[in-house]
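What follows is a single structure, written as structure tokens, with notes after it.
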Amino acid sequence: MPGLTENIRIRSIIGRFLEHSRIFHFAAGAEDPLDGEFLIGSGDWMHRNLSERVEAAVPILERRLRARLWEILEISLADRRNAWEMQPDGSYVQLFPDEHDGISAEGTHAAMMRLALARHAV
């Protein structure tokens with residue numbers, strides 16, 4: 001919507017798992033992303049669900065948890081293997097990896113599994 005949504009990005013990650021996050025980040029003028037506002041929300045914000053039931057979003061206040069959410073967002077925004085971006089008309093365009101290595105080509109789910117295994121091994 002002109003004047004309201006030019007700085008909003010909506011990205012859909014479609015891959016190995018049906019489970020997915022609903023993370024909302026609002027920079028709110030903060031230079032450090034962790035100083036912005038973070039919310040997590042329930043599953044499917046689709047018209048049929050929003051008009052038939054209650055969907056909730058809650059703020060995340062603890063900095064350690066905000067850091068983890070920011071990590072997930074950075075990985076998701078780097079993904080060009082499983083990602084689709086919403087266009088101004090509401091349609092989605094599939095992204096394709098620019099490189100043959102890194103998260104861009106690896107994808108969100110593979111990157112998150114790799115990180116989880118590395119953290120578990122420590």
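The values are calculated or read from the model by the stated rules, or taken from the named source; none is laboratory data. Not measured: the values here are computed from a predicted model. All Cβ positions, even for glycine, are placed from backbone atoms using ideal geometry, and neighbour counts span all protein chains on display. SASA here: full protein model, heavy atoms, side chains in, ligands and nucleic acids out. Shrake-Rupley method; radii C 1.70, N 1.55, O 1.52, S 1.80 Å.
Please work out which residue is modelled with the lowest pLDDT, limiting yourself to region 49-80 and to residues that are open to solvent by 40 Å² or more (accessible area, probe 1.4 Å) and β-branched (V, I, T). That would be V54.
The residues of region 68-91 that are assigned to a helix (DSSP H, G or I) and either of a type in the set (V, I, T) or in contact with a helix residue (DSSP H, G or I) (Cβ under 6 Å, 6 or more places away or on another chain) (or both), listed by number, are W70, I72, I75, S76, A78.
Tell me yes or no: at least one residue of region 92-100 is at pLDDT below 90 and open to solvent by less than 40 Å² (accessible area, probe 1.4 Å). No, the conditions are met nowhere in region 92-100. Of note, F24 satisfies the criterion of being at pLDDT 85 or above, open to solvent by 50 Å² or more (accessible area, probe 1.4 Å), under 27 Å from L4 (Cα atoms) and hydrophobic (A, V, I, L, M, F, W, C).
When I40 is tested against (1) more than 27 Å from P2 (Cβ to Cβ); (2) at pLDDT 90 or above; (3) open to solvent by less than 60 Å² (accessible area, probe 1.4 Å); (4) of a type in the set (A, V, I, L, M), just one condition goes unmet, and that condition is (3). Close contacts from region 52-72, counting a first residue that is within 14 Å of I23 (Cα to Cα) and a second that is small (G, A, S), with Cβ to Cβ under 7 Å and a gap of 6+ residues or different chains, come to E55/G41; E55/S42; A56/G41; A56/S42; A57/G41; I72/S21.
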